[in-house]
Amino acid sequence: MTELKPGDRAPDFDLPTDGGGRVKLSDYAGVQLALYFYPKDDTPGCTTEAIGFSEAAPDFEAAGAKILGVSKDSVKRHNRFKAKYGLGFTLASDETGAMVEAYGAWVEKSLYGRQYMGIERCTFLIDPTGTVRAVWRKVKVAGHVEAVLAAARAHGAPT
């Protein structure tokens, strides 16, 4: 599997979302997309990251960017997670893992010496034409939302 890097075309997707909707890459044509992958709803790191993105959503909007969170959790779980924390952006469910794999976010992980496959916390900033502009891998939650927002601002709000 090749790793996506800046300049690559973002892989297309079509996934169910919280609230019973669907989301496709083409829904974000004309705006930047901060697309982030996270391991699991309602776990400490994922909750902190989601709340951070939610609180910064107006700033992303001002920078001409939308936020989309993706995990393999079910839509039902996403609905509970979003309601519990009042998250102000869309959560997409990739239960099959096809999108997670297409973006290179399905990786071998290690915990207490045990190897297993799981979602790597990573983020992609995709420009209005569907091109990857920035990639963050092995994300540490602290300061991450601010880094993505700075990149979204640098790549330009609409004029």
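Could you check the range 31-46 and list, in sequence order, the residues that are more than 16 Å from F124 (Cα to Cα) and either among the aliphatic types (A, V, I, L, M) or outside any helix (DSSP H, G or I) (or both)?
Scanning the range 31-46 gives K40, D41, D42, T43.
Of all residues in the range 49-71, count the ones that are of a type outside the set (A, V, I, L, M, F, W, C), over 20 Å from D27 (Cβ atoms) and within 14 Å of the chain's Cα centre (by Cα).
Counting residues in the range 49-71 that are of a type outside the set (A, V, I, L, M, F, W, C), over 20 Å from D27 (Cβ atoms) and within 14 Å of the chain's Cα centre (by Cα) gives 2.
Does L125 count as in contact with a helix residue (DSSP H, G or I) (Cβ under 8 Å, 6 or more places away or on another chain), over 16 Å from C46 (Cβ atoms) and surrounded by 14 or more Cβ atoms within 10 Å (Cβ to Cβ)?
yes
In the list T90, T123, which residue meets the criterion of being touching a Leu at 6+ places or on another chain (Cβ under 6 Å) and of a type in the set (V, I, T)?
Working: T123 fails: touching a Leu at 6+ places or on another chain (Cβ under 6 Å).
Among T90, T123, only T90 is touching a Leu at 6+ places or on another chain (Cβ under 6 Å) and of a type in the set (V, I, T).
Say we look at the range 83-120 and pick out the residues that are at pLDDT 90 or above and among the polar types (S, T, N, Q); which of these is surrounded by the fewest Cβ atoms within 10 Å (Cβ to Cβ)?
In this case the residue turns out to be Q115.
Can K66 be described as among the charged types (D, E, K, R), touching a helix residue (DSSP H, G or I) at 6+ places or on another chain (Cβ under 9 Å) and farther than 17 Å from R121 by Cβ?
Details: among the charged types (D, E, K, R): yes; touching a helix residue (DSSP H, G or I) at 6+ places or on another chain (Cβ under 9 Å): yes; farther than 17 Å from R121 by Cβ: yes.
For K66, the condition - among the charged types (D, E, K, R), touching a helix residue (DSSP H, G or I) at 6+ places or on another chain (Cβ under 9 Å) and farther than 17 Å from R121 by Cβ - is met.
Taking the range 47-70 on its own, how many of its residues are of a type outside the set (D, E, K, R) and either outside any helix (DSSP H, G or I) or buried (at least 21 other Cβ atoms within 10 Å of the Cβ) (or both)?
11
Would you please name the residue that is surrounded by the fewest Cβ atoms within 10 Å (Cβ to Cβ), looking only at residues in the range 131-159 that are closer than 16 Å to E3 by Cα and not aromatic (F, W, Y)?
Here is the first cut: in the range 131-159, the ones closer than 16 Å to E3 by Cα are 131-139.
Among the residues that remain, those that are also not aromatic (F, W, Y) are: 131-135, 137-139.
Values: T131: 13, V132: 20, R133: 21, A134: 20, V135: 17, R137: 14, K138: 8, V139: 20.
Out of the qualifying residues, it is K138.
Please count how many residues of the range 13-30 are part of a loop (DSSP other than H, G, I, E, B) and either without any contact (Cβ under 8 Å) to a residue 40 or more places away in the chain or crowded, with 17+ Cβ neighbours inside 10 Å (or both). Let's see the steps before the verdict.
Here is the first cut: in the range 13-30, the ones part of a loop (DSSP other than H, G, I, E, B) are 13, 21, 29-30.
Those still in the list that are either without any contact (Cβ under 8 Å) to a residue 40 or more places away in the chain or crowded, with 17+ Cβ neighbours inside 10 Å (or both) too: 13.
Result for the range 13-30: 1.
Output the strands (runs of 3 or more DSSP E) that fall wholly within the range 72-159 and possess 1 or more residues being over 15 Å from the mean Cα position of the chain (by Cα), or say none.
Because the criterion is at least 1 residues that are over 15 Å from the mean Cα position of the chain (by Cα), the strands (runs of 3 or more DSSP E) in the range 72-159 that meet it are 106-111, 114-119.
The values are calculated or read from the model by the stated rules, or taken from the named source; none is laboratory data. These figures come from a predicted structure and were not determined experimentally. Quick reminder, even Gly has a Cβ in these numbers, built from the backbone with ideal geometry, and neighbours come from all protein chains shown.
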